[in-house]
Amino acid sequence: MTAQEIRQQFLDFFKSKGHQIVPSAPIVVKNDPTLMFTNAGMNQFKDLFLGEAAIKYPRVADTQRCLRVSGKHNDLEEVGIDTYHHTMFEMLGNWSFGDYFKKEAIAWSWELLTEVYKLQKDRLYVTIFEGDEKEGLAKDQEAYDFWRQYVDEDKILLGNKKDNFWEMGETGPCGPCSEIHFDSRSDEDRAKVNGATLVNADDPLVIEIWNNVFMQFNRQKDGSLKTLPAKHVDTGMGFERLVRIIQNKTSNYDTDVFQPMIQFIAEKSGIAYGKEEKTDIAMRVMADHIRAISFAIADGTLPSNNKAGYVIRRILRRAIRYAYQFLRFEKPFINQLIPILAEQFKGVFDELYMQKDFVQKVILEEENSFLKTLAQGVSRFHVYTTLERGFTVREEEDSWEMMTYQTRYENERSNMLIAGKFAFELSDTYGFPIDLTELMAREKGFSVDMVGFETELQKQKNRSRAATAIDTEDWIIVNEGEESEFVGYHDLEIHAQILKYRKV
Ligand code: ATP
Ligand code: MG
Ligand code: MG
Ligand code: MG
């Protein structure tokens, strides 16, 4: 079954159960100060759950494009390293707004997975909320009993409040949830553990695919719970994970969602996918990141130095660095993935197809601009970390550069720490977002002195504030590299301010 068919079957199935199919909301959230990007299917229905908007359809289903790269849900560091967390992914969902509840939700998830998609029943596990005495919350016996109609006792696991109780926020709708996991281990490996059940935290081949949230309480300001008069269902299933399971793969990247892009990258780089872990990760990251970037741009967020735009720029620069360093793409390349992606999402998320030329152009420009400084930054990073480790630098490396770094950062050096000053220089001069420096550091076994980095950042902010002050005030500061030297002042208050900026 192709990914397209799998998506369509989900929508058709819930349509046949009386659901209205609605379009995905944009990935970039406008007018909500609490959220930068859509990170779950329910986001666009928040006001319905809060009782602040009228319910038009009591049953709704859709596929929502989501981004988990910031805030509470940030999966960026897993992406490419594991094979089932993406930055951008589709969340298939069905909702009941005060209509059906646990019985139907559970029955339909089971029917869809086992009868439509024909997943092997004994490879499915479910979790339910075990209760929490301190909070006065009971075990979700109802969910347990409904699941028992389909699933053996030993495949229903109890989960704690952290994993199996969902809350929208400090106050508002909340309730127990029930997750469905799929075990893709070989029969042989499953036999070895003697049928013991696992969830994805224990084995990468056992993955969570679907979360069913049952909103039945309303958390009050004083922390107490009131039973909701109208109960809701909110579900979310990871589309790429579902496809992987149906297509009988052990990695999301081996499905037809990602393979067209991965094969294109492999062909153009001349390196086969599956040859080496390092280059595989690079290909996975590129194929993943391009989706996040493209949809963010198509939904109206251009890469920039501010807020959401900077998140997008950071992701893009990560991808460019992987492409450059591990696959030797020294010229802009990533933008060439857009036609493949746009074609794939034609008729699903037409926003991308309709703007594909524009999106490609924006990415090309970003690539052009970052590639101007990337090589130099990478080589400086190499010199810095090599020296730090006490390795001898290859002869062709610039000895002047070595010397400068040696003397300039001598004091901040401790064994495997990247000095804040150096991280700042990478960011300021070469445009390396700090998380990129951290990533590169990690690859070499280093960590970054983040406090030192923040200090440098603050210093720069102060400097630019002082610089603005210079324009408007009648006194002078001489900037000498990093030193801000005070040479004259007119009143004591200003003097005090200047002293703060001055390097002692
Ligand atoms: P996980 O524990 O694997 O991180 P989650 O519990 O954070 O998942 P939910 O918030 O319950 O995920 O989201 C519902 C579904 O969306 C999950 O069951 C999973 O299938 C999918 N999903 C969540 N995060 C990602 C991601 N980063 N990439 C792909 N699919 C995801
Ligand atoms: Mg998660
Ligand atoms: Mg989970
Ligand atoms: Mg979950």
- prompt: With all pairs of different alpha carbon atoms counted, what Kirkwood hydrodynamic radius in Å does the stretch 126-262 show?
  reply: 16.6 Å
message: List the trypsin sites (Lys or Arg not before Pro) within the stretch 306-352 that DSSP assigns to loop and that have no more than 16 neighbouring Cβ atoms inside 10 Å.
response: 328, 346
- prompt: Quick one: net charge of residue 208's neighbours, Cβ under 9 Å, K/R +1, D/E -1?
  reply: 0
task: Could you list 124, 371 in order of exposure, starting from the residue whose Cβ has the fewest other Cβ atoms within 10 Å?
output: 371, 124
statement: Taking the alpha-carbon centre of each part, the distance from the stretch 24-92 to the stretch 1-15 in Å is 20 Å
- prompt: Is the shape of the stretch 249-390 rounded, prolate or oblate, going by the alpha carbon gyration tensor and its root eigenvalues a ≥ b ≥ c, with a/c under 1.5 for rounded and a/b larger than b/c for prolate?
  reply: oblate
- line: Computed on Cα atoms only, the convex hull of the stretch 61-152 has an orientation-averaged projected area in nm² of 8.7 nm²
field: Residues whose placed amide H lies under 5 Å from that of residue 21, excluding near-sequence neighbours
entry: 61
statement: Per the C-alpha gyration tensor (a ≥ b ≥ c, the square roots of its eigenvalues), the stretch 1-103 is rounded if a/c is under 1.5, else prolate if a/b beats b/c, else oblate; here it's oblate
query: Near residue 250, within a Cβ-to-Cβ distance under 12 Å, what is the net charge of the other residues, with Lys and Arg +1 and Asp and Glu -1?
result: -1
message: Just to confirm the filter: which chymotrypsin sites (Phe, Trp or Tyr not before Pro) across the stretch 243-276 are DSSP coil and have at most 16 other Cβ within 10 angstrom of their Cβ?
response: none
message: Less than 14 Å Cβ to Cβ from residue 370, Lys/Arg counted +1 and Asp/Glu -1: what total charge do the surrounding residues give?
response: +3
Sorted by Cβ density within 10 Å, fewest first, the residues 174, 66: 174, 66
- prompt: If you stretched the chain out fully between residue 307 and residue 331, how much longer would it get, using 0.36 nm times the residue separation minus the C-alpha to C-alpha distance?
  reply: 5.9 nm
query: Once fully extended, how much extra length lies between residue 4 and residue 20, figured as 0.36 nm per residue of separation less the alpha-carbon to alpha-carbon distance?
result: 3.8 nm
field: Sorted by Cβ neighbour density within 10 Å, fewest at the top, the residues 24, 70
entry: 70, 24
field: Computed over the stretch 3-250, Cα set: Rg, Dmax in Å
entry: 17.6, 53
- prompt: For labels at residue 450 and residue 116 in the simple 7 Å Cα→Cβ model, what's the distance in nm?
  reply: 4.2 nm
field: Cleavage-rule hits, chymotrypsin sites (Phe, Trp or Tyr not before Pro), the stretch 274-345, DSSP coil, Cβ neighbours within 10 Å at most 16
entry: none
- prompt: Considering only Cα-Cα distances, which of the following residue pairs are longer than 25 Å: 118/155; 121/161; 56/103; 346/372; 17/161?
  reply: 121/161; 346/372; 17/161
message: Normalised radius of gyration for the stretch 314-373, please: alpha carbon Rg relative to 2.2 N^0.38 Å, two decimal places.
response: 1.18
- prompt: Relative to the present Cα-Cα distance, how much length would full extension add between residue 226 and residue 417 at 0.36 nm per residue of separation?
  reply: 63.7 nm
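Values quoted throughout were computed directly from the atomic coordinates according to the rules given, and no laboratory measurement underlies them. Not measured: the values here are computed from a predicted model. Quick reminder, even Gly has a Cβ in these numbers, built from the backbone with ideal geometry, and neighbours come from all protein chains shown.
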